[in-house]
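The values are calculated or read from the model by the stated rules, or taken from the named source; none is laboratory data. Just so we're clear, the structure is a prediction, and the values are computed from it rather than from any experiment. With ideal geometry, Cβ positions are generated from the backbone for all residues, glycine too; neighbour counts draw on all protein chains shown. Keep in mind that these areas ignore ligands, DNA and RNA; they rest on the heavy atoms of the full protein, side chains included. Shrake-Rupley method; radii C 1.70, N 1.55, O 1.52, S 1.80 Å.
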Amino acid sequence: MSATTTNDLPLQPSLALRIGLWIAQALLFALFAFAGVTKLFTPIPELAQMMPWTGDHSATFVRIIGLIDLAGGLGILLPSLTRIMPRLTVLAALGCATLQVFAFVFHLSRGEGVVTPLNILLLALSLFVLWGRNGKAPIAPRG
């Protein structure tokens, strides 16, 4: 008997793991979507009061980061939720994790270490979703 089967039936992921993954995906969706919409639609002077780095870069750069955030948030949740190309969730999780590594380094380079705990949290949640949806509890596509 192998570690992945019991009586020739594949082991199902635990309920706790599946619930944890859905909670992580919902949190990531909410945080990334909120950040994306904020960066896309808030006037730059007002945004710079909330996020000082936005006042030091072009509006185009800030808006592109907003689009990336929004796409990551949507990609983390919608493919799994709709079961339409759910493997895109794994790619979105990889993208969100990569974005957080760059954001962490970016904020440290600017002396903004106070915001890096959020980057670490988002990185950890993204890696959890990447790990879980890539192998432990993948979502099956629509039949």
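Picking from residues in region 112-135 that are open to solvent by 70 Å² or more (accessible area, probe 1.4 Å) and of a type outside the set (A, V, I, L, M), the one that is farthest from Gly75 (Cα to Cα) is Pro117.
Considered as a group, the residues in region 85-100 that are open to solvent by less than 70 Å² (accessible area, probe 1.4 Å) and either in contact with a His (Cβ under 6 Å, 6 or more places away or on another chain) or of a type in the set (A, V, I, L, M, F, W, C) (or both) include one that is nearest to Pro52 (Cα to Cα), and that residue is Leu99.
All conditions in (1) farther than 20 Å from Trp22 by Cα; (2) surrounded by fewer than 17 Cβ atoms within 10 Å (Cβ to Cβ) hold for Thr82, with the sole exception of (1).
Residues that are aliphatic (A, V, I, L, M) and surrounded by 16 or more Cβ atoms within 10 Å (Cβ to Cβ) within region 64-79 comprise Ile65, Ile68, Leu70, Ala71, Leu74, Ile76, Leu77, Leu78, listed in sequence order. Here Gln25, Gln49 are screened, and the one residue that is modelled with pLDDT of 95 or more and farther than 28 Å from Leu127 by Cα is Gln49. State whether one or more residues within region 23-35 are of a type outside the set (A, V, I, L, M, F, W, C), open to solvent by 80 Å² or more (accessible area, probe 1.4 Å) and either assigned to a helix (DSSP H, G or I) or within 20 Å of Ala97 (Cα to Cα) (or both). No, that holds for no residue.
Residues checked against (1) among the hydrophobic types (A, V, I, L, M, F, W, C); (2) closer than 15 Å to Ala33 by Cβ; (3) touching an Asp or Glu at 6+ places or on another chain (Cβ under 9 Å):
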residue: Thr54; (1), (2), (3): no, no, no
residue: Val114; (1), (2), (3): yes, no, no
residue: Asn119; (1), (2), (3): no, no, no
residue: Leu122; (1), (2), (3): yes, yes, no
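Select from region 44-63 the residues that are open to solvent by 70 Å² or more (accessible area, probe 1.4 Å) and touching a helix residue (DSSP H, G or I) at 6+ places or on another chain (Cβ under 9 Å) and list them in ascending order. Within region 44-63, Pro45, Gln49, Met50, Asp56, Phe61 qualify.
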